[in-house]
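The values are calculated or read from the model by the stated rules, or taken from the named source; none is laboratory data. Predicted model only: the values in this text are computed from it and were never measured. Heads up, the Cβs are rebuilt from the backbone with ideal geometry, glycines too, and the neighbour counts pull from every protein chain shown. SASA here: full protein model, heavy atoms, side chains in, ligands and nucleic acids out. Shrake-Rupley method; radii C 1.70, N 1.55, O 1.52, S 1.80 Å.
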Amino acid sequence: FKTSIITIGEKIQWIINYPDIRILISMATGDQVVKVMGEILGHFRFNENFRFLFPEFCPKAKTAADFGSQEGFTVPCRQRKWLKESTVASCSVGKVIASFHYEVISHSDLVDKENVKTPGQIHDVISHFGYTNPLLERSPVPPHHGWVYVEGTRYDDGELYGVILDAEEKLKPEERQWFSSVRSAKKPDGSAFWPARWPLSELERMEKDPTIGPAMVAAL
């Protein structure tokens with residue numbers, strides 16, 4: 001539920017609190033963006049509970065199906081209508097949006113099993129992350145200073161997530177810029193972190209399965 005909570009649910013919460021906000025969702029591939037943007041849009045278009053509670057953020061029922069696209073959308077109640085950026089925009093690795101600015105940048109599943117196969121692919125993802133930094137709006141106007149989220153699954157020690165974590169560990173606690181939360185399918189005491197979905201017996205079976213193995217279990 002990393003993407004559901006952090007990239008979808010929390011970004012909707014940002015919009016509700018700051019109707020003029022500009023959010024960029026950054027993912028590994030265009031296909032991923034289509035699915036995530038589709039789910040976000042679905043709440044504004046068709047979620048009856050959400051539409052009842054926050055009608056000013058949603059399109060009229062007759063035009064709901066035409067509201068927004070996989071590239072982005074702007075909520076009807078935005079006050080700063082002159083902004084060139086939409087409420088939510090999207091991009092994927094290799095397709096950074098230049099000359100735009102966002103108060104929130106959310107990197108979701110930038111690293112996947114396909115883009116860690118070569119050092120060049122790993123470098124491309126890290127470079128993409130770096131190129132989005134100038135797009136972050138740093139301003140005294142709320143939400144202050146800009147926010148960056150990174151969520152995903154580890155697939156290699158040298159990929160983007162490892163680079164961020166390793167750099168933070170070298171800093172003094174008061175110098176660190178990230179709040180990091182790293183979770184494994186197994187707790188330190190050996191019990192299952194999420195037994196309802198991944199019971200310990202299943203995790204142990206997967207570790208012994210030659211087609212899966214411990215590395216795949218560690219990436220759950």
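For the range 26-44, the criterion of being more than 25 Å from ASP112 (Cα to Cα), among the acidic types (Asp, Glu) and either exposed (fewer than 15 other Cβ atoms within 10 Å of the Cβ) or without any contact (Cβ under 8 Å) to a residue 40 or more places away in the chain (or both) is satisfied by no residue at all. Figure legend. Inter-residue proximity from the range 188-212: first residues assigned to a helix (DSSP H, G or I), second residues open to solvent by 80 Å² or more (accessible area, probe 1.4 Å), beta-carbon distance below 8 Å, spacing 6+ or different chains. Indicated pairs: MET206/MET216; GLU207/PRO214.
Filtered by the rule that a residue be over 27 Å from the mean Cα position of the chain (by Cα) and either open to solvent by 70 Å² or more (accessible area, probe 1.4 Å) or among the aliphatic types (A, V, I, L, M) (or both), the range 181-220 gives ASP189, LEU200, SER201, GLU204, ARG205, MET206, LYS208, PRO210, THR211.
Among the residues examined, LYS117 does not qualify as open to solvent by 80 Å² or more (accessible area, probe 1.4 Å), assigned to a loop (DSSP other than H, G, I, E, B) and under 22 Å from THR3 (Cα atoms). Considered as a group, the residues in the range 156-165 that are assigned to a helix (DSSP H, G or I) and touching a helix residue (DSSP H, G or I) at 6+ places or on another chain (Cβ under 7 Å) include one that is surrounded by the fewest Cβ atoms within 10 Å (Cβ to Cβ), and that residue is VAL163. Look at (1) open to solvent by less than 60 Å² (accessible area, probe 1.4 Å); (2) part of a loop (DSSP other than H, G, I, E, B) and you find that GLU168 fails only one, number (2). Which ones in the range 79-111 are part of a loop (DSSP other than H, G, I, E, B) and open to solvent by less than 10 Å² (accessible area, probe 1.4 Å)? Within the range 79-111, GLU85, THR87, LEU110, VAL111 qualify.
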